[in-house]
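See structure below.
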There are 2 protein chains.
Amino acid sequence: MPFDLDLSIEILRRSPATLRALLDGLGEPLVRATEGPETFSPFDVVGHLIDGEETDWIPRARIILARGPNVRFEPYDRFRHRARNSGRSLESLLAEFARLRATNLDLLCSWKLTVRELDLPGEHPSLGPVTLRQLLAAWVVHDLGHLAQIARVMAKQYGDEIGPWVAFLPVLTDHPVPRS
Amino acid sequence: MPFDLDLSIEILRRSPATLRALLDGLGEPLVRATEGPETFSPFDVVGHLIDGEETDWIPRARIILARGPNVRFEPYDRFRHRARNSGRSLESLLAEFARLRATNLDLLCSWKLTVRELDLPGEHPSLGPVTLRQLLAAWVVHDLGHLAQIARVMAKQYGDEIGPWVAFLPVLTDHPVPRS
């Protein structure tokens with residue numbers, strides 16, 4: 001499917017409500033459950049998405065649109081949320097994510113990006129040359145990948161409770177070593 | 001995490017609203033997108049979940065709870081939804097799923113299942129002996145696995161649009177041959 005700015009915004013706009021429907025009010029054991037050491041819980045994922053709103057997607061789009069001599073992005077800290085959100089509730093993270101996302105999408109809409117602007121270059125600190133279009137497409141895929149991750153992490157908590165059904169429920173075994 | 005009936009019901013109750021937030025009103029190209037031949041689109045998944053409400057989880061729980069001489073389940077048709085929902089809109093499927101799920105969970109709650117009843121046996125037509133507890137746990141995992149699948153299918157539609165970010169977005173490459 002070719003990149004479509006309006007569709008991308010429509011998908012990005014849904015994430016806060018989707019995460020609220022899935023997570024808001026769930027008990028701590030499930031909200032804090034992981035797939036093993038050094039993997040993200042649903043709580044961590046929402047914190048990571050907030051980090052993306054504050055330090056990744058829109059800040060990087062601004063660097064590209066500034067068209068300065070240096071279009072290299074700041075490195076992104078995948079673990080910024082850990083210290084930042086210590087002691088917070090999931091409810092407050094969900095509300096913060098919804099606010100930040102709405103503000104960022106309003107800003108993105110206000111830019112009225114042209115096809116030419118979507119082709120503008122940036123430089124990822126480890127991946128190299130990218131375009132604004134690729135940055136925005138990656139934002140969409142990143143949201144959906146983390147939604148899939150949350151569902152998978154939740155599912156895995158019942159990995160020992162389903163008996164022989166494990167053969168029919170690949171969500172439990174497709175990621176023996178999670179990469180997201 | 002040990003099986004918990006109340007928590008299971010709470011997770012199952014969220015699925016219709018989660019799917020609505022994610023999908024309701026999205027355009028047909030994305031709603032009907034797949035991961036390749038013979039794989040499910042988001043539309044197909046919602047149809048498959050409806051089939052589960054009508055022919056899988058609660059009907060099988062009834063067989064177990066009847067404690068008859070034959071506790072073997074009817075085989076489940078993974079493709080029942082294809083002919084059944086031809087010509088339907090996603091909106092009508094989402095509404096139907098929400099109705100069926102609410103009715104089924106009200107019924108499940110009304111049973112006030114005891115620990116002893118959760119241990120009652122059934123027989124899966126291909127997997128063999130199972131318990132009511134395992135059936136209900138599998139229902140939860142099945143929901144979450146299909147939510148992960150929908151997010152993955154949606155993400156993959158931008159697989160050619162993200163350039164080098166593919167290295168950081170495992171949702172695009174973790175399932176070269178999808179099993180759900």
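The values are calculated or read from the model by the stated rules, or taken from the named source; none is laboratory data. Just so we're clear, the structure is a prediction, and the values are computed from it rather than from any experiment. No Cβ is skipped: glycine too gets one built from the backbone with ideal geometry, and neighbour counts run over all protein chains shown. What goes into the accessible areas is simple: the full protein's heavy atoms, side chains included, and nothing from ligands, DNA or RNA. Shrake-Rupley method; radii C 1.70, N 1.55, O 1.52, S 1.80 Å.
Observations on the model:
- Between copies, A:ARG62 shows label-point distances of 5.9 nm, shortest first, with the point placed 7 angstrom from Cα along Cα to C-beta.
- Summarising the label geometry, the points placed 7 Å from Cα in the beta-carbon direction at B:ASP77 and B:ARG62 lie 1.7 nm from one another.
- When the trypsin sites (Lys or Arg not before Pro) in the range B:103-180 are filtered for DSSP coil states and for at most 14 other beta-carbon atoms within 10 Å of their beta-carbon, the remaining sites are B:LYS112, B:ARG179.
- Measure of compaction for the protein assembly as shown (Cα Rg per 2.2 N^0.38 Å): 1.03
- Chain B shape via C-alpha gyration tensor axes, a/c threshold 1.5: prolate
- Full extension of the chain segment joining A:THR173 with A:LEU127 gains 13.6 nm, where the gain is 0.36 nm per residue of separation less the Cα-Cα distance.
- Accessible surface of chain B, 1.4 Å probe, proportion on carbon and sulfur as whole %: 55 percent
- Per-residue mean of C-beta atoms belonging to partner chains within 10 Å, peptide A:119-131: 2
- Other residues whose C-beta falls under 15 angstrom from the C-beta of B:PRO75 contribute a net charge of -2, scoring Lys and Arg +1 and Asp and Glu -1.
- As a rough guide to protection, the peptides A:40-47, B:70-77 ranked by mean Cβ packing within 10 Å, highest first, stand as A:40-47, B:70-77.
- Across the identical copies, how the A:ASP119 labels are spaced - nm, sorted shortest first, 7 Å along Cα→Cβ: 7.1
- For the peptide A:132-143, the mean number of other protein chain Cβ atoms found within 10 angstrom of a residue's Cβ is 6.
- Heavy-atom accessible area per residue - the range B:1-146, 1.4 Å, Å²: 43 Å²
- If you take all other residues with their beta carbon under 11 Å from the beta carbon of B:GLN134, and give Lys and Arg +1 and Asp and Glu -1, the sum is -1.
- B:ARG99-A:GLU54 pseudo-label distance in nm [points 7 Å out on the Cα-to-Cβ vector]: 4.6 nm
- Within 10 Å of each Cβ in B:20-33, the average number of Cβ atoms from other chains: 3
- Estimated purely from DSSP H runs of n ≥ 4, each contributing -39500 (n - 2.57), the mean residue ellipticity at 222 nm for chain A is -17000 deg cm²/dmol once divided by its residues.
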